[in-house]
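Take a look at the structure below.
Values in this text are rule-based calculations from the coordinates and carry no lab data. Everything numeric in this text was worked out from a predicted model, so none of it was measured. Backbone-built Cβ (ideal geometry, glycine too); neighbour counts: all protein chains shown.
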Amino acid sequence: MDKHSKIPSKTEKMKMLYEAKAEDVEFSAAEADMDDLEAQVRSQQADKRQLHEILQDEQKEVD
């Protein structure tokens with residue numbers, strides 16, 4: 001963030017998203033069952049939605 005701004009930049013938002021993702025538990029495909037695989041797909045879909053929201057918010061700030 002800029003010293004004088006409380007609104008995070010696009011880069012900072014992406015960094016926050018990746019940092020939050022890095023906190024997830026380790027996934028082992030060898031030990032995964034169907035519930036684990038479905039949860040992984042839902043997680044990926046949620047990440048895409050979150051990224052879409054971040055990009056939309058960033059575009060609104062530019063407009």
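Can you work out the FRET efficiency for the pair Ala39 and Glu19, with r the C-beta to C-beta distance and R0 = 30 Å, to the nearest 0.05?
Details: r = 21 Å, r/R0 = 0.68.
In this case the efficiency is close to 0.90.
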Study note, to complete from the structure: Under the 7 Å Cα-to-Cβ spin-label approximation, Glu26 and Asp57 lie apart by a distance in nanometres of 3.2
Check your understanding: Whole-Hz Karplus ³J(HN,Hα) for region 8-17, in order, using 6.51 cos²θ - 1.76 cosθ + 1.60 and θ = phi - 60°, x for Gly and Pro?
Key -> x, 6, 4, 4, 5, 5, 4, 4, 5, 4
